[in-house]
Structures are given as structure tokens and as C-alpha cells.
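In what follows, a single structure is set out as C-alpha cells and then discussed.
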Amino acid sequence: KLKIAVIGGGSSYTPELIEGFIKKATEVPVSEIYLVDVEQGKEKLEIVGNLARRMVEKAGLDIKINLTLERKEAIDGADFVITQFRVGGIDARIRDEKIPLKYNVIGQETTGPGGFAKALRTIPVILEICKDIEELSPNAWLINFTNPSGIITETALKHSKVKALGLCNVPVNMISHVAKACGVEMERIYIQFAGLNHLVWGLRVYLDGEDITEKLMEQLTSEENMTMKNIPALEWDKDLIKSLGMLPCPYHRYYYMMDKMLEEEKRQSASEGTRGEVVKKVEQELFELYKNPELAEKPPQLERRGGALYSYAACNLISSIVNNKKDIQVVNVKNNGTILDLPENVVIETNCVIDKDGAHPLSIGRVPARIRGLMQVVKAYEELTIEAGVNGDYNAALQALTIHPLVPSTGIAKKILDNILAENRDYLPQF
Ligand code: NAD
Ligand code: G6P
Ligand code: MN
């Protein structure tokens with residue numbers, strides 16, 4: 001029987017995770033779940049925790065839900081540590097989105113300077129969590145969702161001995177979008193993914209083993225927008241899709257259609273607010289619902305968040321490790337020569353065989369020039385961000401932002417960086 005620790009347990013997403021464990025109860029026998037949060041999240045933790053207890057009870061399962069602010073107590077002897085925390089909370093996210101916009105740069109919580117700021121705040125905490133795991137449960141798997149997921153997972157792998165795997169709901173959502181476009185069940189679709197978290201491409205797409213990539217490209221530009229709730233659903237540029245000849249992920253809009261996305265972001269932030277401001281309201285509504293003692297399931301309103309299907313990814317991954325399934329899932333994993341165009345020690349997002357020893361990536365080799373450059377420069381940005389985040393290295397930080405494709409010059413990079421450092425002082429012990 002398994003012990004699961006969830007760091008950031010007060011998240012409004014937690015009911016979806018609990019639902020996932022309930023659905024998989026026969027495959028994944030869980031005896032206790034520890035939901036961990038910090039002082040500021042205490043009230044949320046209490047509300048979500050009580051809902052989780054009602055859900056488990058309604059399902060007739062014997063899973064003990066423990067709520068705690070003591071991380072070590074939760075990690076001690078855990079089999080899986082799931083990380084889904086947000087250092088600084090939603091207000092820090094809103095600042096991340098607003099600072100770049102002041103300089104006419106995309107303001108996004110994971111992509112560009114916003115994601116960079118989130119990484120700097122998160123890196124010291126993930127390193128502490130890894131220390132706790134090394135000390136208290138060295139055999140545990142760290143399943144990281146905390147964004148920027150690729151960067152945070154790479155930090156854990158480079159700077160600890162912890163067995164870390166990174167997850168994102170984008171790949172399963174892409175599979176689901178394609179399945180819908182084809183009018184078939186998700187199981188019949190296979191996509192060969194390669195790239196980085198929030199910068200992943202579907203190189204080839206198959207339906208029942210038949211390559212449908214070209215056919216799909218035509219559909220992509222017409223009826224299907226294929227986006228996530230948190231990303232403006234701007235229609236794909238038809239010539240882009242034609243010339244690319246593969247499936248972009250929703251986040252690619254920020255790179256390939258930066259001008260239009262920036263206009264749209266500015267328009268939205270002036271009307272309904274940034275995505276973080278919208279989420280703040282959605283969350284308040286969700287927690288009101290969660291408080292209802294009659295509620296004992298995940299409410300449909302949670303679908304307004306961008307994280308849909310995240311527990312599907314988490315629970316499938318855990319099940320395949322526990323049951324040594326040897327099936328294929330998309331995971332953020334150490335490159336190790338899978339993509340020859342990237343260093344060996346960096347994290348990539350790609351298809352992996354999952355068994356009791358973890359995730360084994362399927363070889364990709366070299367990628368086409370049209371995606372290689374963007375992937376390499378964003379990876380270099382990520383490597384520099386980790387250097388900056390671990391060592392408090394200003395020069396690495398400035399280079400990270402300077403080379404990022406969404407930042408036009410080192411002058412703007414410096415202004416944004418100094419702004420980020422000033423506004424996040426309380427969360428950046430390394431600087
Ligand atoms: P949230 O603001 O609700 O944060 C979750 C909880 O983390 C909060 O209750 C907060 O108090 C807590 N927290 C903050 N610092 C902590 C710490 N040091 N230790 C323990 N808990 C701490 O955020 P959310 O919207 O639920 O998202 C949570 C995280 O998951 C974010 O990092 C988000 O980017 C990420 N996320 C990732 C994916 C993915 O695809 N990888 C999907 C959804 C969410
Ligand atoms: C997508 C991404 C996640 C991200 C989420 C944001 O699902 O894959 O990594 O955290 O969107 O959604 P939100 O509702 O918080 O804007
Ligand atoms: Mn994601």
C-alpha cells in the first residue's frame with residue numbers, strides 16, 4: 001500500500017488528483033495521502049482536504065487524507081512525492097505577467113520572463129524538497145508538476161540524487177484534441193512528441209498506426225483551434241502550419257505569432273485582466289463550491305482552469321511505475337542522447353516507455369532544422385535560468401533573458417530582470 005505526498009496540496013486542482021486516485025484505486029493501492037501546504041495556504045488546505053475526505057468516503061475507499069504544514073512528516077517514507085506548489089501564490093503570478101507587458105514583452109506565467117521569474121522563486125524550494133527526499137525517502141519518485149515543469153525537473157535531476165520525472169498536461173490534451181478532430185477515442189491516436197516542456201512538437205501523428213500528419217495539418221488551420229483554457233485561442237497562421245508540417249503545441253503561439261499574441265494579451269489585460277487575475281476569481285468561486293459539505297466530487301467548474309487532465313497524466317504514470325506496465329507516456333526526462341541536438345544532461349519532453357525503473361525515452365536522433373534552432377535557444381535559456389536560480393548568478397540571469405526569443409534586446413532584458421529581482425525580493429534567498 002502506497003503513501004503519497006502532495007506538496008501544494010491546497011491547490012484548487014487537488015480534487016482532480018483525488019478523483020484520479022479514486023478511479024485507479026484497484027491498480028494503484030493507496031493507503032494514505034498527505035496534503036502539504038504552507039501557512040498562507042492553510043485555509044485552502046483545510047477546505048480542499050475536507051472535500052478530498054468526502055470524495056474518498058463517497059467512493060467507499062479506505063484512503064486516509066492527512067493535512068499538514070510539516071513537509072518532512074509527509075515526505076518521510078513516501079513512495080511518491082507529487083509537487084504542485086506556487087511560491088508566492090497567485091499574486092506573484094500576476095506580477096510575473098504584468099512586468100514584461102510594461103516593456104511590450106509577452107507576459108506569461110511559464111513562457112518568457114514570467115516563467116523565468118517563477119523559476120527563480122521555485123528553485124530554492126525544490127532543492128529543499130529534494131534534500132528532504134534524499135534524507136527521508138531516497139527511493140521515492142518525485143513527480144513534478146510545478147512550473148516551469150521542465151526547468152524545475154532539470155534542477156532536481158542536476159542538483160540532487162532524487163528520481164525525478166516531470167509532467168505536463170499539454171501532451172495528453174494534444175492527443176485529446178486530435179482524437180476529437182478525428183472523431184475517435186484517444187487510445188487510437190499516437191503522437192511522436194519531441195521538444196521541451198511548453199515547447200513540444202508532435203513530429204508525426206498516427207491514427208490506428210496510419211500516419212495522418214499531413215491530413216491533420218489541413219484540419220488544424222480550419223475548424224480546430226486546439227488550445228488550452230489559459231492560452232488565447234488565436235487561429236493558427238495557415239502558412240505557418242503548412243511550412244512547419246508538424247503539430248505545434250498551444251504554447252508555440254507565443255513564439256510563432258508573438259505580435260498577435262502580444263496584442264491579444266494587452267487587450268485582455270486591459271479588459272478582464274491578465275490570466276492570473278482571471279484565475280484568481282475562478283479560484284474564489286471554486287473554493288466557495290468546495291466549502292459546501294454536500295459536495296463530494298470534482299465540480300465541472302474546475303474545467304475553467306488550464307490544468308485539465310493533469311491527474312490523468314499523474315495517475316497513469318504512477319500506475320505504470322507501480323505495475324511495471326512498459327507502456328508509452330510523455331514525460332519530462334533526462335535527454336541522455338535521445339535528441340542528438342541537445343546536451344545529454346538536460347531535460348526534454350518526449351515519449352518514454354514507463355516501467356518500475358521509471359521513464360526510458362524512445363530515440364529521436366536529429367530534429368529538422370526548422371524546429372532545431374528554436375528548441376536549442378530555449379534550452380540554453382533554461383540551462384542559464386537554472387544556473388541563475390541555483391547560484392544567484394546575475395550574469396547567468398541576464399544572459400538567460402537576453403537570449404530568450406521573446407525578449408528583443410539586452411537593454412529590455414536588464415530592465416525586466418531588475419524589476420523581477422526587486423518585486424520578488426522576499427522569495428529569492430539565492431540573490
Ligand atoms: P496555487 O496558487 O493554488 O498553489 C498551490 C498551493 O501551493 C497553494 O495552496 C500554496 O499555498 C502552496 N504553496 C506555496 N508555496 C509552497 C511551499 N513552499 N510548499 C508547499 N506548498 C506551497 O497554484 P495552482 O494553480 O494550483 O498550481 C500549482 C502549481 O502547479 C503551479 O506551479 C502551476 O504552474 C502548476 N501546474 C502545472 C501543470 C502542468 O501541466 N505541469 C498543470 C497545472 C498546474
Ligand atoms: C496548462 C499548462 C499548465 C499550466 C496551466 C495554467 O494546463 O500545461 O502547465 O499551469 O495551463 O492554467 P491556469 O488555469 O492556471 O491559467
Ligand atoms: Mn504544463
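The values are calculated or read from the model by the stated rules, or taken from the named source; none is laboratory data. No experiment lies behind these values; they were computed from the predicted model shown. Glycine gets a Cβ as well: all are built from the backbone with ideal geometry, and neighbour counts include every protein chain shown.
Quick one: what pairs do we get from segment 76-95, first residue in a helix (DSSP H, G or I), second charged (D, E, K, R) and within 16 Å of ligand 3 (Cβ to nearest atom), C-beta under 6 Å, 6+ apart or different chains?
Pairs found: Arg93/Glu109.
Look at segment 307-316 and say how many of its residues are over 14 Å from Ala25 (Cα atoms) and either away from ligand 2 (no atom under 13 Å from the Cβ) or not in a helix (DSSP H, G or I) (or both). First the steps, then the outcome.
Initially, segment 307-316 is screened for residues over 14 Å from Ala25 (Cα atoms), giving 307-310, 313.
If we keep only those that are either away from ligand 2 (no atom under 13 Å from the Cβ) or not in a helix (DSSP H, G or I) (or both) as well, we get 307-309.
Within segment 307-316, residues that are over 14 Å from Ala25 (Cα atoms) and either away from ligand 2 (no atom under 13 Å from the Cβ) or not in a helix (DSSP H, G or I) (or both) number 3.
Please count how many residues of segment 66-75 are part of a helix (DSSP H, G or I) and touching an Asp or Glu at 6+ places or on another chain (Cβ under 8 Å). Step through it out loud before you land on a result.
As a first pass, look at segment 66-75 and keep what is part of a helix (DSSP H, G or I): 71-75.
Now drop any that are not touching an Asp or Glu at 6+ places or on another chain (Cβ under 8 Å), which leaves 71-72, 75.
Summing the residues that are part of a helix (DSSP H, G or I) and touching an Asp or Glu at 6+ places or on another chain (Cβ under 8 Å) in segment 66-75 gives 3.
Please enumerate the residues belonging to segment 3-23 that are within 14 Å of ligand 2 (Cβ to nearest atom) and over 22 Å from Ile133 (Cβ atoms).
Across segment 3-23, the qualifying residues are Ser12, Glu16.
Checking the conditions here, which among Leu240, Leu247, Leu309, Leu295 is closer than 29 Å to Phe193 by Cβ and surrounded by fewer than 17 Cβ atoms within 10 Å (Cβ to Cβ)?
Sole residue among the options that is closer than 29 Å to Phe193 by Cβ and surrounded by fewer than 17 Cβ atoms within 10 Å (Cβ to Cβ): Leu240.
State which residue is surrounded by the fewest Cβ atoms within 10 Å (Cβ to Cβ) when the search covers only segment 140-155 and only residues that are away from ligand 3 (no atom under 16 Å from the Cβ) and among the aliphatic types (A, V, I, L, M).
Ala140
Within segment 1-60, can you find the residues that are of a type in the set (Gly, Ala, Ser), within 19 Å of the chain's Cα centre (by Cα) and part of a helix (DSSP H, G or I)?
Keep residues of segment 1-60 that are of a type in the set (Gly, Ala, Ser), which gives 5, 8-12, 20, 25, 31, 41, 49, 52, 59-60.
Next cut, within 19 Å of the chain's Cα centre (by Cα) only: 5, 8-12, 20.
Gly20, the sole residue that qualifies.
Touching a residue at least 40 places away in the same chain (Cβ under 8 Å), in contact with a strand residue (DSSP E or B) (Cβ under 9 Å, 6 or more places away or on another chain) and within 16 Å of ligand 3 (Cβ to nearest atom), is that true of Ala314? Give the derivation first.
Details: touching a residue at least 40 places away in the same chain (Cβ under 8 Å): yes; in contact with a strand residue (DSSP E or B) (Cβ under 9 Å, 6 or more places away or on another chain): yes; within 16 Å of ligand 3 (Cβ to nearest atom): yes.
So Ala314 passes the test.
Under 6 Å by Cβ, and 6 or more places apart or on different chains, what pairs join a residue from segment 191-204 that is over 16 Å from Gly373 (Cβ atoms) and of a type in the set (Phe, Trp, Tyr) with one that is within 13 Å of ligand 1 (Cβ to nearest atom) and not in a strand (DSSP E or B)?
The qualifying pairs are Phe193/Pro171.
Please name all residue pairs, on different chains or six or more residues apart, with Cβ atoms under 7 Å, provided the first residue is in segment 230-247 and is more than 21 Å from Val367 (Cβ to Cβ) and the second residue is part of a loop (DSSP other than H, G, I, E, B) and within 16 Å of ligand 3 (Cβ to nearest atom).
Pairs that qualify, where the first residue is more than 21 Å from Val367 (Cβ to Cβ) and the partner is part of a loop (DSSP other than H, G, I, E, B) and within 16 Å of ligand 3 (Cβ to nearest atom), are Asn230/Gly306; Ile231/Pro250; Ile231/Tyr251; Ala233/Thr227.
Within 15 Å of ligand 1 (Cβ to nearest atom), assigned to a loop (DSSP other than H, G, I, E, B) and buried (at least 21 other Cβ atoms within 10 Å of the Cβ), is that true of Ile231? Spell out the reasoning first.
On the way: within 15 Å of ligand 1 (Cβ to nearest atom): yes; assigned to a loop (DSSP other than H, G, I, E, B): yes; buried (at least 21 other Cβ atoms within 10 Å of the Cβ): yes.
So Ile231 fits the description; yes.
I'm trying to understand the selection: among the residues of segment 312-345, which are crowded, with 19+ Cβ neighbours inside 10 Å, of a type in the set (Val, Ile, Thr) and over 21 Å from Met226 (Cβ atoms)?
Within segment 312-345, Ile318, Ile321, Val331, Val333, Thr338, Ile339 meet the criteria.
Among the candidates Ala52, Ala78, which residue alone is within 21 Å of Thr153 (Cβ to Cβ), more than 16 Å from ligand 3 (Cβ to nearest atom) and among the hydrophobic types (A, V, I, L, M, F, W, C)? Spell out the reasoning first.
On the way: Ala52 fails: within 21 Å of Thr153 (Cβ to Cβ).
From the options Ala52, Ala78, the qualifying one is Ala78.
Of the conditions (1) under 22 Å from the mean Cα position of the chain (by Cα); (2) surrounded by 20 or more Cβ atoms within 10 Å (Cβ to Cβ); (3) farther than 22 Å from Val390 by Cα; (4) not basic (Lys, Arg), Ser137 fails just one. Which one is it?
Only one criterion in (1) under 22 Å from the mean Cα position of the chain (by Cα); (2) surrounded by 20 or more Cβ atoms within 10 Å (Cβ to Cβ); (3) farther than 22 Å from Val390 by Cα; (4) not basic (Lys, Arg) is unmet by Ser137, namely (1).
Mind counting the residues in segment 267-279 that are over 21 Å from the mean Cα position of the chain (by Cα) and crowded, with 17+ Cβ neighbours inside 10 Å? It would help to see each step written out before you state the result.
Step one: list which residues in segment 267-279 are over 21 Å from the mean Cα position of the chain (by Cα), which gives 267-273.
Retained after the next criterion (residues that are crowded, with 17+ Cβ neighbours inside 10 Å): 269.
So the count comes out to 1.
Out of (1) of a type outside the set (D, E, K, R); (2) crowded, with 21+ Cβ neighbours inside 10 Å; (3) near ligand 1 (Cβ under 10 Å from one of its atoms); (4) closer than 30 Å to Glu210 by Cα, what's the single condition that is false for Val172?
Checking Val172 against (1) of a type outside the set (D, E, K, R); (2) crowded, with 21+ Cβ neighbours inside 10 Å; (3) near ligand 1 (Cβ under 10 Å from one of its atoms); (4) closer than 30 Å to Glu210 by Cα, the one that fails is (2).
Within segment 246-278, how many residues are farther than 16 Å from His404 by Cβ and either touching a strand residue (DSSP E or B) at 6+ places or on another chain (Cβ under 9 Å) or aliphatic (A, V, I, L, M) (or both)?
Counting residues in segment 246-278 that are farther than 16 Å from His404 by Cβ and either touching a strand residue (DSSP E or B) at 6+ places or on another chain (Cβ under 9 Å) or aliphatic (A, V, I, L, M) (or both) gives 7.
Return yes when Leu196 is touching a helix residue (DSSP H, G or I) at 6+ places or on another chain (Cβ under 9 Å) and at pLDDT 95 or above and no when it is not.
So Leu196 fits the description; yes.
Being in contact (Cβ under 8 Å) with a residue 60 or more places away in the chain and either more than 15 Å from ligand 1 (Cβ to nearest atom) or of a type in the set (D, E, K, R) (or both) is the filter here, so list the residues in segment 277-297 that pass it.
Once the filter is applied, which keeps residues that are in contact (Cβ under 8 Å) with a residue 60 or more places away in the chain and either more than 15 Å from ligand 1 (Cβ to nearest atom) or of a type in the set (D, E, K, R) (or both), segment 277-297 yields Glu277, Lys280, Glu283, Lys291, Pro293, Leu295, Ala296, Glu297.
Tell me whether segment 280-290 contains one or more residues that are surrounded by 13 or more Cβ atoms within 10 Å (Cβ to Cβ), within 16 Å of ligand 3 (Cβ to nearest atom) and at pLDDT 90 or above.
no
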